[in-house]
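Laboratory data are not the source of any read-out in this text; all were calculated from the coordinates shown. Bear in mind that the values here come from a model prediction, so they are computed numbers and not experimental data. A quick note on method: Cβ atoms are made from the backbone with ideal geometry, for glycine too, and the neighbour counts reach across all protein chains shown.
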Amino acid sequence: MLFKIAFSGVRARWKDYLVLFSGIIMAAAIFYMFEAIALNKKFVASTTVGQNARAVFILGAVLLVIITLVYVFYANNFLMGMRKHDYGLFIMLGAKSTKISKLIAFETLIVGLVSTMVGVVAGMALTKIVSGFLVSALEIPVKYFQALYGPAVWVTLILFMVLFLIASFINARIFAKTPALKLLKAENQTDWKQPKTSRLLIQAVLGIFLLVVGYYAMYNIQSLKLNAIWIGLVTIVVGTYFIVNSFFVILLQKIQRSALNNRGINSFTIAQLKFRIRDYTKILSVVSLLFALALGAITVGVGFQSDIPEIANGQNAYAISATNPSAEISARIAKVGGKSTVNYQQKISGKTVYYRAGEFQQKPIKYAAFVMKGKNAGFSQVKTSSLNQLKNPDSSAYQQLVALQNPNLRAFKVKWVSDGVFNQLKGRVNQLQLVRVRDINSQYKSLKAVLEQQKKEFGPQVVQTMGESIVMYTMVKSAFASMEFMGVFLGIAFLAMLASCLMFKILSGAESDKVRFEMLNKIGTRRRVLRQSIMLQILGLFALPAILGLIDVGFGLQMFSQTHLLYHAYNTFMYSAIAFLVLYLIYYGVTVLIYQKIVIPKTRSEK
Amino acid sequence: MTTEIVNTQNLHKIYDQNSETPYEALKGISFTVNKGEFVGIMGASGSGKTTLLNILATLDKPTSGSVQIGGDDITQLTPNEMSDFRSKKLGFIFQDFNLLETLTVFENIALPLSLQNVKGSVSKEKVQRAASRLGIDQLLTKYPTQLSGGQKQRVAAARALVSDPSIIFGDEPTGALDSTNARELLDTLQQINQAGVSILLVTHDPFSASFCKRILFIKDGRIGEEIQIGNRNRTEFYQEILEKLGTFEQ
Ligand SMILES: Nc1ncnc2c1ncn2[C@@H]1O[C@H](COP(=O)(O)OP(=O)(O)OP(=O)(O)O)[C@@H](O)[C@H]1O
Ligand SMILES: [Mg+2]
């Protein structure tokens, strides 16, 4: 009987349950997808970086478990928020609280089980889609992916079931221990007291100070080494908490004292926000840090990708080298755009490779040199080598030329001789053709076609040892692919989960806001004004962590640019931040819509 | 010459009209309230008091009939006009106070003025005037959770009064108060009324009703009877209300 009543409660609030279910389904799907890839030994081992990739994947998995934990906690809070009143009422009416405890535990478990199972199935579909993306965008071989991967199913099911089991125990305890009256009234009790200004000020100053220390530590990672990360982590976590707790309350208080407060229901909106921010301190701090982590992960992951041309160009000034190119290779080279080609004649005699000195004076060879000082320190630069410079076997130019010759000439000496001497030499004349491209990224496809043909003609092992920059390019690309994948994947997963954590938290409070909005409607507030108030309130709650997170990443990236791990960190940052904000805005919009649906009263006179 | 503040003609309200079980809550109600009157509406539970008040307050629409308040036919207003009408012309006092606990007393009272974007200095003066009329000038910087029930209801009354409404509607405003606090609030309402503000009070408490000058009894969606205080004092009026309730409710 009780079961029936409980179920009717679920039916009455099916929309809220829909939000809850889709949230957990999404979390389980993301988790499954990640595990299906990370646990897949064949796939992880197949990436060029091997063991390194494993470490990255394990780190990613740990982070994902942590955020899932936080997520399930908020999802469960949302569930309890919905059920507290109903079940509290049952207890008031005489239902045994032990029985209700069992009921809520059961409900929690069922909700968890059903949505996790659906989530795993959704995760399989997602894995199929994502593997397609991986294959085309990151050139990771497809053969290792399996949408249905047993170990991943088990890990996902076990983790989620354990989490929901814990949640159901906690929920049962709450019902067994809390008096019914308190359960009924829990949401209406708001002991709002004005915080002391002096305390707020101290916290605000302390918060800013800690953040500055953290940012400074990250900036100085060169000298602080690993300490920078520890210092940064602690100061930024604590600093963020203080800032959320104080700085914004002070800011809102300032607005409250201004004339702005007297317009429309601004006084209500601002007061609500002020009140909420204090109530939300913990979640807002967590969200802002996760936001930073997620955005940072994407930026760094994608940032490595943008390092590839930089690294490849540092290897050699020429993308392709071909000695006596076959017709196929020549045809493919012809298709490369934006290129400049240079040809040198070559004769081999004994253990020495001979070139015409005149040719190298007329068409000096280029080489990649590292800039040691100045603004561009750490970057590579293309330089032109004089013949004298080139003759020195220790010079970069000499070594890079050797790497461009046929691999079987590695151990040979190189000599430059006059045309007369060159003509006297026995043996056939080889043509060494070197191809430079202006933009290796845009020519990647056509260059790779040449490379494939070379592999066909000389065997992949041989080509792999060549000094052509395209060889380096493809190698680094596949090595960074797993980094990029991890960054993008974790970034989006984190964002999705943290935004829905925030959504759940905000929506859990909607029920208790109902009476306020009803009252405002009665005293004559236009519906548009009510809607705007909601948009503003939720905007405040969404924007605050986003702003803090953006600032965190902005400074955090210093770690990568100071250490030259990333060359174009801030370019990538801009794009990933925009993509990120768009996704985040979608969550914001959905939250606003659901909230408005819940709290804005439907007056019959306005139908 | 007396001017009419409220004039309803043949008001009908049918709930769930298109369902299988339509329910006619109001069956042709006509009455007027003149400027400066203090009118009570009494009736048993379910007789249609709240329904009537919601219609008068533009929170609900009548199925048929007309309602004029201050000369305007409020059934013809657009939703936005209805909102503006409520904020400018009406004051509300509800049973459960309905204060916003995140706002100070001052901000709570000022809310209807803010809705009309009244200038800060003007609004401050008006709030102060309303607060001193209800004897809560000392509480302006407090938060609702720091107040007693009686104080909260005074704040609500000040909020209803602050925008100089044509009429104040009260739905059981004393319902959640103890007798001392209820009496104090009713005394204050009476003073406000004597200063010229029209009040329409819905109640089923005879003591509250005895503060009115005229009482309309509703039964099953119709106005059954009407009594006036005339030249009698409140105790005599109270007696009559009790008697009427006795016969009326049979
Ligand atoms: N939204 C609604 N839908 C259907 N019927 C309703 C609705 N609201 C009220 N009623 C019915 O209309 C009748 C009048 O209700 P109303 O709330 O006006 O009574 P009331 O006089 O205010 O009673 P009380 O003294 O208990 O507050 C009741 O029978 C009630 O069941
Ligand atoms: Mg009623």
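The ranking of A:M80, A:M574, A:M475, A:M483 from fewest to most other beta carbons within 10 Å of each one's beta carbon is A:M574, A:M475, A:M80, A:M483. Take the Cβ atoms of A:A411 and A:A543, set R0 to 60 Å, and the FRET efficiency comes out at 0.40.
Taking only the C-alpha atoms of region B:53-167, the Rg (one decimal) and the largest Cα-Cα distance, Dmax (whole number), read 15.0, 47 Å.
Distance from the C-alpha centroid of region B:175-238 to that of region A:242-276: 41 Å, rounded to the whole angstrom. Among beta bridges identified by DSSP and lying wholly in chain B, the antiparallel ones come to about 55 percent. Taking the C-alpha atoms only, the angle from helix B:79-89 to the longest principal axis of chain B is near 70 degrees.
Using only Cα coordinates, the Kirkwood hydrodynamic radius of region A:385-466 works out to 15.2 Å.
Can you tell me the orientation of helix A:197-219 relative to chain A, as the angle in degrees between its alpha-carbon axis and the longest Cα principal axis, to the nearest 10? Compared with the principal axis, the helix lies near 20 degrees. In this simple spin-label model, placing a label point 7 Å from the Cα along the Cα-to-Cβ direction at both A:R528 and A:W14 gives a separation of 3.5 nm.
Taking B:E225, B:E125, B:E20 in turn, the Gaussian network model of chain B (Cα-Cα springs below 10 Å) assigns the largest fluctuation to B:E20.
For region A:256-374, the convex hull spanned by the alpha carbon atoms encloses 321 Å³ per residue. Taking B:R232, B:R159, B:R222 as the candidate residues, the one with maximal mean-square fluctuation in a Gaussian network model of chain B, Cα springs under 10 Å, is B:R232. Looking at the P(r) of region A:376-420, how many percent of alpha-carbon pairs lie beyond 16 Å? Pairs farther apart than 16 Å: 48 percent.
Against chain B, whose longest principal axis comes from its Cα atoms, helix B:234-248 is set at around 40 degrees. Summary value for chain A: 20 percent relative contact order, contacts being C-alpha pairs under 8 angstrom separated by 6+ residues. Note on chain B: Rg/Rh from Cα positions, Kirkwood definition for Rh, rounded to two decimals, is 0.97. The modelled label-to-label distance between A:I250 and A:S395, using points 7 Å beyond Cα along the C-beta direction, is 6.2 nm. For the cross-link pairs A:K84/A:K274; B:K89/B:K126; B:K13/B:K219; A:K363/A:K426; A:K391/A:K413; A:K102/A:K505, which exceed 18 Å when the distance is taken from alpha carbon to alpha carbon? Distance filter (> 18 Å) returns A:K84/A:K274; A:K363/A:K426; A:K102/A:K505. Computed as a quarter of the hull surface, the mean projected area of the alpha carbon convex hull for the protein assembly as shown stands at 47.7 nm².
Our note on the geometry: Cα centres of region B:79-121 and region A:324-372, 84 Å apart. Remark: A:F31, A:F164, A:F247, A:F3 ranked as A:F3, A:F247, A:F164, A:F31, counting other beta-carbon atoms within 10 Å and listing the fewest first.
Please label the shape of region A:317-467 as rounded, prolate or oblate, based on the square roots a ≥ b ≥ c of the eigenvalues of the alpha-carbon gyration tensor (a/c under 1.5 means rounded; beyond that, a/b larger than b/c means prolate, else oblate). Oblate, since a/c reaches 1.5 and b/c is not below a/b.
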